[in-house]
1. Just checking, which of GLY63, GLY144, GLY75 is more than 23 Å from GLU185 (Cα to Cα) and without any contact (Cβ under 8 Å) to a residue 24 or more places away in the chain?
2. Checking the condition part of a helix (DSSP H, G or I) and in contact with a strand residue (DSSP E or B) (Cβ under 9 Å, 6 or more places away or on another chain), which residue from CYS110, CYS84 passes?
3. Identify all residues within region 20-47 that are more than 16 Å from ARG88 (Cβ to Cβ), part of a helix (DSSP H, G or I) and in contact (Cβ under 8 Å) with a residue 24 or more places away in the chain; write none if there are none.
4. Considering only region 158-166, I want to know if a residue exists there that is under 27 Å from GLY75 (Cα atoms), free of Cβ contacts under 8 Å to residues at least 40 places away in the same chain and under 16 Å from the mean Cα position of the chain (by Cα).
5. Kindly check whether there is at least one residue in region 154-167 that is surrounded by 16 or more Cβ atoms within 10 Å (Cβ to Cβ), farther than 18 Å from GLU226 by Cα and either modelled with pLDDT under 90 or among the acidic types (Asp, Glu) (or both).
6. Among the residues of region 48-80, write down those that are in a loop (DSSP other than H, G, I, E, B), in contact with a Gly (Cβ under 7 Å, 6 or more places away or on another chain) and surrounded by 14 or more Cβ atoms within 10 Å (Cβ to Cβ).
7. Being free of Cβ contacts under 8 Å to residues at least 40 places away in the same chain, among the hydroxyl-bearing types (Ser, Thr, Tyr) and in a helix (DSSP H, G or I), is that true of even one residue in region 260-275?
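The values are calculated or read from the model by the stated rules, or taken from the named source; none is laboratory data. Quick caveat: nothing in here was measured; it's all calculated off a predicted structure. Cβ placement follows ideal geometry from the backbone for every residue including glycine, while neighbour counts extend to all protein chains displayed.
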Amino acid sequence: MRIGVDLGGTKIEAIVLAPDGKILVRDRIPTPQGDYAATVTAIRDLVATIAARVGVDASVPVGVAIPGTISPATGLVKNANSTCLIGRALDRHLAEALHRPVRLANDANCFALSEAADGAAQGAEVVFGVILGTGVGGGLVVRGAPLAGANLIAGEWGHNPLPWPDAEERRGAAACYCGKSGCIETYLSGAGLSRDHQRRGGAVLEAPEIVELAAAGDAGAMASLERHERRLAKALASVINIVDPDVIVLGGGLSNLPGLADRVPRYLPTHVFSDEVTTSLRRAEHGDSSGVRGAAWLWPAAGKGGGT
């Protein structure tokens, strides 16, 4: 068995995963806001609760998906939008609190690992997992293992510039929280879709409202969704040109845009440097559970592998 924890900005979810991928028990609690010590305690108590329910012993390790990563230079959390985690030795503190071996990984990497292990990309050799939501993230899995990279930022495609921008896209480049402007995230996130719709004369609407209008035949909303699809295709084409994955899996709230995985591939051949595009684009099979499942899959088998 394996234990997985997904540390999110608003909730902490934990599961016990059976060897066959079945979730034996699941629970979730609110994330303490802005309180690092309370967050560590909350994870400790949640893991103890679910472990007791199915009699999991102390040898079973814990994988944790976090909204950031551990800096290879300092051993401390960096790039986390839950800012109370930044600069903390979260892996070591959790291992001490849980009295179990602990592994941490970026939540997008865990998403990709889950879908590669037993989800939409099961059996594929190279998998790129895409998160489209409040932000835009990604994770890369090669031969069943997450590829973190030398700087532990592999898959962070959202903070590259939108490739092949047209004149309107260059004029409309927005500032990103990372300090740059024109990042893929500023175009493809939920806020980016809403901002683009408004720039083209539409009302101030959230992404689901734009989808609803488009379904009702509103020409402006339909055009906004088509621009989003074309931009997603350009951004993914740059990934294909570099990584050439077998499967790209779409996750996050915007992955639920109707028909997205079916329509985007038609725009790829214009930008992919190949005579044909065989990379498959698929929606995530496990949905919101992919992060916590991937955290559990960070361990190849219960009680095996190296420490924290």
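1. Being more than 23 Å from GLU185 (Cα to Cα) and without any contact (Cβ under 8 Å) to a residue 24 or more places away in the chain holds for just one of GLY63, GLY144, GLY75, which is GLY75.
2. That would be CYS110, the only listed residue that is part of a helix (DSSP H, G or I) and in contact with a strand residue (DSSP E or B) (Cβ under 9 Å, 6 or more places away or on another chain).
3. LEU46, VAL47
4. yes
5. yes
6. In the first step, residues of region 48-80 are kept if they are in a loop (DSSP other than H, G, I, E, B); the result is 55-61, 67-68, 71-76, 79-80.
Those still in the list that are in contact with a Gly (Cβ under 7 Å, 6 or more places away or on another chain) too: 59-61, 67, 76, 79-80.
VAL60, PRO61, PRO67, LEU76, ASN79, ALA80 - these are the residues of region 48-80 that are in a loop (DSSP other than H, G, I, E, B), in contact with a Gly (Cβ under 7 Å, 6 or more places away or on another chain) and surrounded by 14 or more Cβ atoms within 10 Å (Cβ to Cβ).
7. Checked region 260-275: at least one residue is free of Cβ contacts under 8 Å to residues at least 40 places away in the same chain, among the hydroxyl-bearing types (Ser, Thr, Tyr) and in a helix (DSSP H, G or I).
A quick yes/no check of all residues on (1) of a type in the set (Val, Ile, Thr); (2) closer than 23 Å to ALA120 by Cα; (3) in contact with a strand residue (DSSP E or B) (Cβ under 6 Å, 6 or more places away or on another chain); (4) not assigned by TED's automatic domain parsing to the domain that holds LEU140:
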position	(1), (2), (3), (4)
ARG200	no, no, no, no
ASP246	no, yes, yes, no
LEU250	no, yes, yes, no
TYR267	no, yes, no, no
